[in-house]
1. When the helices in the chain are scored as -39500 (n - 2.57) per DSSP H run of 4 or longer and the sum is shared across all residues, what 222 nm value do you end up with, to the nearest 500 deg cm²/dmol?
2. Treating only the Cβ atoms of Lys and Arg (+1) and Asp and Glu (-1) as charged, compute the dipole magnitude of the chain about its Cα centre; round to the nearest 20 debye.
3. Would you calculate the separation in nanometres between label points at LEU15 and THR205, each defined as 7 Å from the Cα along the Cα-to-beta-carbon direction?
4. For the chain, modelled as a GNM with alpha-carbon contacts under 10 angstrom, which of PRO207, PRO150, PRO77 fluctuates the most?
5. How much accessible area per residue does the range 82-140 have, counting only protein heavy atoms and a probe of 1.4 Å, in square angstrom?
6. Taking all protein chains in place and a 1.4 Å probe, what share, in percent, of the accessible surface of the range 1-89 do carbon and sulfur account for?
7. Which pairs, out of LYS9/LYS220; LYS165/LYS222; LYS28/LYS165, put more than 32 Å between their alpha-carbon atoms?
8. Can you divide the C-alpha Rg of the range 1-79 by 2.2 N^0.38 Å and report the result to two decimal places?
Amino acid sequence: MKEECLICKGPLEYLIQDQSMECAICHKRERSKTRCVNGHYVCNDCHTKGMDSLFGLCLTETSADPVAILEGMMAQPFCHMHGPEHHVMVGMALLTAYKNAGGRLQLEQALHEMYRRGKEVPGGACGFWGACGAGISAGQFVAIATQSTPLAGEPWGLSNQMTAKALEGIGRLGGPRCCKRDSYLSLLAAIDFARDHLGVEMDRTQPRCRRSGQNNQCLKTKCPFYTTGQND
């Protein structure tokens, strides 16, 4: 098997109803719908251990290209093929690129807020909530950049529009989920949205994915980022 369960590499299974599960690493008990076929469960905190290294990466980054920034994040040891770390990384990559492209925000403060909000979106949201965490992360980027609140006017509308744009692209392509593909789609939607609605033009490069060999459910040539002959 390719990467699935972090304990035994077995395939994952997704349950319809929550069950009480014990993390195989820290032994914390919580309710979840996700485990491997051998019964192993890994909580979100253990799955994303080491993700706080993103602060150092972002605060020293000079690129205005969120795709390039995200690629650097994905290369870190804490990042797996799939997982809730992507719900944080998309927004942090966008905030960093936005700042480097001339966007007005206090980057360190914004990154900490994105980290907190992104971690509140659980793994599996794409299938259980009907809203991929990568797309939500793009909406959180706009909410933070525009200082949106539930009582805001234009910022409230813009952040919801951003989430909708990202989810539209993700949903149109269809499943099964791929955290890399959905992250790329969210970034590209956000680059266009920031240019058109926030007046900040980030750099844009076309993602080229070479991780098909790590994804049991890869769409291969149906994915716009698949690179023929260099993935498997």
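1. Helix-only estimate at 222 nm: -13000 deg cm²/dmol.
2. Numbers: 25 positive and 23 negative charges, 110 e Å.
Once rounded to the nearest 20, the dipole reads 520 debye.
3. 4.3
4. Comparing PRO207, PRO150, PRO77 in the GNM, the peak value goes to PRO150.
5. Per residue, the range 82-140 has an accessible area of 37 Å².
6. Carbon with sulfur: 51 percent of the solvent-accessible area.
7. Details: LYS9/LYS220 21 Å; LYS165/LYS222 20 Å; LYS28/LYS165 37 Å.
Beyond 32 Å between Cα atoms: LYS28/LYS165.
8. 1.36
The values are calculated or read from the model by the stated rules, or taken from the named source; none is laboratory data. Just so it is clear, the model here is predicted, and its values are computed rather than measured. No Cβ is skipped: glycine too gets one built from the backbone with ideal geometry, and neighbour counts run over all protein chains shown. Note: accessible area is taken over every heavy atom of the protein model, side chains too, but ligands, DNA and RNA are not part of it. Shrake-Rupley method; radii C 1.70, N 1.55, O 1.52, S 1.80 Å.
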